[in-house]
Amino acid sequence: MTSDFRQRESGTELLARLKGRRSLKHLEPRLFTEEGLLNHGNTVEFHGPEGAGKTEMLYHLVASCILPESKGGLQVEVVFVDTECHFDMLRLVTVLEHCLAQSTEESVKQCLGRLFIVHCSSSTQLLLLFQSLESMVCSHPALCLLIVDSMSAFYWIDRLSGGESFSQQEANLRRCIECLENLLSEYQLVLIATTQALMRGRDPEAARPDGAAAARQPLMAEFKPYLCKSWQKLVKHRFVFSKNTTVDNKQEFAAVSLQPRSSIVNRCSFIITDGGVQFL
């Protein structure tokens with residue numbers, strides 16, 4: 001894919017590719033507290049059950065990206081890939097209007113002009129999308145963030161259609177990830193993708209008697225890797241989302257940032273209001 005496209009690449013597109021893209025290091029520091037999480041080429045996974053606030057957090061991040069700098073945004077472009085038919089444009093507009101004091105129809109349209117939405121209903125469509133994204137990414141130097149909601153949408157369908165062969169079951173996903181690796185590395189994009197909590201597991205460190213393992217046990221119990229190994233290798237950082245307690249009739253949510261090889265656990269809590277995510 002890459003070599004074929006380069007043969008047709010114009011001088012303008014070459015400059016756009018090599019110039020470099022804007023850094024996302026200032027995107028929502030209350031969530032991305034660790035330095036380097038959103039470095040160019042990185043992949044961040046939002047993992048958790050349905051209704052845990054993952055998509056609402058995506059709306060919040062999208063709004064932060066496409067808002068103009070004068071309104072506290074990054075003023076960059078975003079591609080949002082919706083694989084579960086859950087994307088709610090009216091909800092995003094509501095979040096934008098809340099961020100834009102004295103918002104007008106024109107100001108909202110200008111923000112939405114920086115957002116590209118694609119719907120996919122199968123892993124084959126998802127693969128074709130990733131294979132065709134290179135020309136768009138190359139011609140849009142302001143495009144910095146790729147969002148996929150979610151990467152696990154076709155897991156069970158692919159398991160069924162692949163028969164008894166694990167290789168066939170994972171074939172489309174592995175090819176998708178190969179395309180993503182090229183896009184992220186060649187064009188300095190950042191990928192944020194959600195996955196559903198289809199499996200539950202136990203932390204192998206839970207048997208350790210120290211306090212670090214005790215603190216990690218309930219968090220790691222929410223996550224068990226089930227997508228192919230190439231996806232686990234691609235992900236540089238993972239957030240586990242869950243419902244927290246209910247206080248004053250308001251549902252609280254938690255996003256826990258886990259360091260796989262460290263006892264460090266960073267946690268943030270938030271609620272979802274009419275205007276979007278509100279951190280506590």
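The values are calculated or read from the model by the stated rules, or taken from the named source; none is laboratory data. Worth saying up front: this structure is predicted, and the values here are computed from it rather than measured. A quick note on method: Cβ atoms are made from the backbone with ideal geometry, for glycine too, and the neighbour counts reach across all protein chains shown. The accessibility values were calculated without ligands, DNA or RNA, using every heavy atom of the protein model including side chains. Shrake-Rupley method; radii C 1.70, N 1.55, O 1.52, S 1.80 Å.
For the stretch 1-30, give me each residue that is buried (at least 18 other Cβ atoms within 10 Å of the Cβ), hydrophobic (A, V, I, L, M, F, W, C) and at pLDDT below 95.
ALA16
Specify which of the listed residues (THR104, THR55) is open to solvent by 10 Å² or more (accessible area, probe 1.4 Å) and over 20 Å from the mean Cα position of the chain (by Cα).
The match here is THR104.
If a residue has to be under 16 Å from the mean Cα position of the chain (by Cα), open to solvent by 10 Å² or more (accessible area, probe 1.4 Å) and touching a residue at least 60 places away in the same chain (Cβ under 8 Å) to count, how many in the stretch 115-150 make the cut?
The number of residues fulfilling the criteria is 0.
Working carefully through the options LEU112, LEU67, find the one that is out of contact with any His (no Cβ under 7 Å at 6 or more places or on another chain), at pLDDT 95 or above, buried (at least 22 other Cβ atoms within 10 Å of the Cβ) and closer than 16 Å to ILE147 by Cβ. Break it down stepwise before answering.
Values: LEU112 fails: buried (at least 22 other Cβ atoms within 10 Å of the Cβ).
Within the list LEU112, LEU67, the selection yields LEU67.
Suppose we filter the stretch 35-87 for residues that are over 15 Å from LYS25 (Cα atoms) and without any contact (Cβ under 8 Å) to a residue 40 or more places away in the chain; how many remain?
Summing the residues that are over 15 Å from LYS25 (Cα atoms) and without any contact (Cβ under 8 Å) to a residue 40 or more places away in the chain in the stretch 35-87 gives 3.
Can you give me the ranges of the helices (runs of 4 or more DSSP H) entirely in the stretch 91-176 with at least 3 residues that are of a type in the set (D, E, K, R)?
105-112
Out of curiosity, is CYS99 exposed (fewer than 15 other Cβ atoms within 10 Å of the Cβ) and in contact with a Ser or Thr (Cβ under 9 Å, 6 or more places away or on another chain)?
Answer is no for this residue.
Is it true that some residue in the stretch 177-200 is in a helix (DSSP H, G or I), more than 19 Å from the chain's Cα centre (by Cα) and either at pLDDT 90 or above or of a type in the set (D, E, K, R) (or both)?
The answer is no, given that none of the residues of the stretch 177-200 is in a helix (DSSP H, G or I), more than 19 Å from the chain's Cα centre (by Cα) and either at pLDDT 90 or above or of a type in the set (D, E, K, R) (or both).
Being farther than 24 Å from CYS138 by Cβ, aliphatic (A, V, I, L, M) and assigned to a loop (DSSP other than H, G, I, E, B) is the filter here; which residues of the stretch 52-90 pass it?
If the condition is that a residue be farther than 24 Å from CYS138 by Cβ, aliphatic (A, V, I, L, M) and assigned to a loop (DSSP other than H, G, I, E, B), then ALA52, LEU67 are the ones that fit.
Conditions (1) touching a helix residue (DSSP H, G or I) at 6+ places or on another chain (Cβ under 7 Å); (2) at pLDDT 90 or above; (3) open to solvent by less than 80 Å² (accessible area, probe 1.4 Å), marked per residue:
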{"position": "SER230", "(1), (2), (3)": "yes, yes, yes"}
{"position": "VAL235", "(1), (2), (3)": "no, yes, yes"}
{"position": "PHE239", "(1), (2), (3)": "no, yes, yes"}
{"position": "ASN244", "(1), (2), (3)": "no, no, yes"}
{"position": "ASN249", "(1), (2), (3)": "no, no, no"}
{"position": "ILE264", "(1), (2), (3)": "no, no, no"}
{"position": "GLY276", "(1), (2), (3)": "yes, yes, yes"}
